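All remarks here apply to the structure that follows.
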Amino acid sequence: MPPDTTIERAISDIVLIVDDIPENLSFLHDALDESGYTVLVATNGESALQRARQSLPNVILLDALMPGMDGFEVARRLKADFATQHIPIVFMTGLTETEHVVAAFAAGGADYVTKPIRPAEVLARIAAHMQNARQMKQARTALDAFGQATVAVRATDGKLVWQTPLSRKLLKDYFTCGEDETPPRLLAWIAEAETARRNGREPPALLLADGSRRLLASFHDQTGDQEWLVVLREENDASAIESLIAAFRLTQREAEVLYWVTLGKTSKDIGDILGSSPRTVNKHLEHVFEKLGVETRTAAANLALGRMRGA
């Protein structure tokens, strides 16, 4: 028997309606309920914030003008809260002046509909935002499940939009900024890496070095919402060398030499580090070139870096 898609959607797709006028709540509640959504309601700003955090709805329909805390302030607080900042907000307003529309988007609104409300229009807007929210939720769930250290940074203002548990830990270990703030060093790396990509160059991998530990970063993609997805990876000397041994069947000393080549060290530098002569280092490099099928230090370094980044 095929699954009941209406029941499935009612379980997963939640809409929170925020309006201080009972008639509006009843009108919208019935239209959304008949379309298979799970509908929650709030009649003021404080209860809206509480319900949003408790239930994490897929979309919020928010009245712009309410007594006490208005919709614009509610939206700003929702977007300032890491738990709710990803939820699309559709403003409901009778205000069509440009400054009010601008205020709605400035407060974090994703869309708006004008009063008197037309159910068909509201349903169409919700369906579009619901699909995007569902896809983003699935992507985040998959990244969490596979232990990916991934963060999303909004391109327009550098705001940290979301992060997986592992990335939260890495950012906490390496930086001293607030838990839900984008570290300035990460913002600088994004700008540097994006400039390199626009100029056809390979973006830098190193984000931060801390003794023998390094935090590496790479672009995953840019979403339709203009958010940079950045993958973080922690690396240390020992783990990098082990990955080169496994990838290219190198000896311990050959892997050590190759590793330091990837960091731009000369044969003399490597000799000083390993307690060998430059001549011995070059001899190890000859074996490395043969095993990797390359002829230059640059080619060997690029091949090794590509393998380490994918490890």
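Looking across segment 57-78, the residues that are modelled with pLDDT under 90, among the aliphatic types (A, V, I, L, M) and touching an Asp or Glu at 6+ places or on another chain (Cβ under 7 Å) come down to A64, M66.
Which one of the conditions (1) without any contact (Cβ under 8 Å) to a residue 24 or more places away in the chain; (2) open to solvent by 50 Å² or more (accessible area, probe 1.4 Å); (3) touching a Ser or Thr at 6+ places or on another chain (Cβ under 8 Å) does I245 fail to meet, given that it meets all the rest? So the condition that I245 fails would be (2). The lone criterion from (1) at pLDDT 80 or above; (2) touching a Lys or Arg at 6+ places or on another chain (Cβ under 8 Å) left unmet by Q226 is number (1).
If you check A107 against the conditions, is it closer than 19 Å to R125 by Cα, open to solvent by less than 30 Å² (accessible area, probe 1.4 Å), of a type in the set (G, A, S) and under 22 Å from the mean Cα position of the chain (by Cα)?
Criteria met by A107.
Remark: H86 matches the filter, which requires a residue to be in contact (Cβ under 8 Å) with a residue 60 or more places away in the chain and under 30 Å from L160 (Cβ atoms).
Just one of G306, G211 is open to solvent by less than 60 Å² (accessible area, probe 1.4 Å), without any contact (Cβ under 8 Å) to a residue 12 or more places away in the chain and under 30 Å from V153 (Cα atoms); which is it?
Values: G211 fails: open to solvent by less than 60 Å² (accessible area, probe 1.4 Å).
Within the list G306, G211, the selection yields G306.
Evaluated against (1) of a type in the set (S, T, N, Q); (2) open to solvent by 50 Å² or more (accessible area, probe 1.4 Å); (3) in a loop (DSSP other than H, G, I, E, B), S276 falls short on exactly one condition, (2).
Taking the criterion of being among the hydrophobic types (A, V, I, L, M, F, W, C), open to solvent by 20 Å² or more (accessible area, probe 1.4 Å) and out of contact with any helix residue (DSSP H, G or I) (no Cβ under 7 Å at 6 or more places or on another chain), the residues of segment 90-104 that qualify are L95, V101, V102.
For D157, indicate whether it is open to solvent by 70 Å² or more (accessible area, probe 1.4 Å) and closer than 24 Å to A107 by Cβ. So D157 fits the description; yes. Under the condition of being acidic (D, E) and in contact with a Leu (Cβ under 9 Å, 6 or more places away or on another chain), the residues counted in segment 28-72 number 0.
Number of residues in segment 164-186 that are more than 16 Å from A80 (Cβ to Cβ) and surrounded by 14 or more Cβ atoms within 10 Å (Cβ to Cβ): the value is 12. Give segment 92-135 a look and list any residue that's modelled with pLDDT under 80, over 15 Å from L28 (Cβ atoms) and not β-branched (V, I, T), or say none. Matches in segment 92-135: L95, E97, E99, H100, Q131, N132, A133, R134, Q135.
A240 fulfils the conditions (1) crowded, with 16+ Cβ neighbours inside 10 Å; (2) free of Cβ contacts under 8 Å to residues at least 60 places away in the same chain except for a single criterion, (2). Annotation: of all residues in segment 35-55 being at pLDDT 90 or above and assigned to a helix (DSSP H, G or I), the one that is surrounded by the most Cβ atoms within 10 Å (Cβ to Cβ) is A48. Count of segment 73-89 residues, restricted to those that are among the small types (G, A, S), open to solvent by 20 Å² or more (accessible area, probe 1.4 Å) and touching a Leu at 6+ places or on another chain (Cβ under 8 Å), is 1. What about V261, is it open to solvent by less than 40 Å² (accessible area, probe 1.4 Å), touching a helix residue (DSSP H, G or I) at 6+ places or on another chain (Cβ under 6 Å), touching a residue at least 40 places away in the same chain (Cβ under 8 Å) and not hydroxyl-bearing (S, T, Y)? So V261 passes the test.
The values are calculated or read from the model by the stated rules, or taken from the named source; none is laboratory data. Owing to the predicted nature of the structure, the values given are computational and were not obtained by experimental measurement. No Cβ is skipped: glycine too gets one built from the backbone with ideal geometry, and neighbour counts run over all protein chains shown. These area figures cover heavy atoms from the full protein model, side chains too; ligands, DNA and RNA do not enter into them. Shrake-Rupley method; radii C 1.70, N 1.55, O 1.52, S 1.80 Å.
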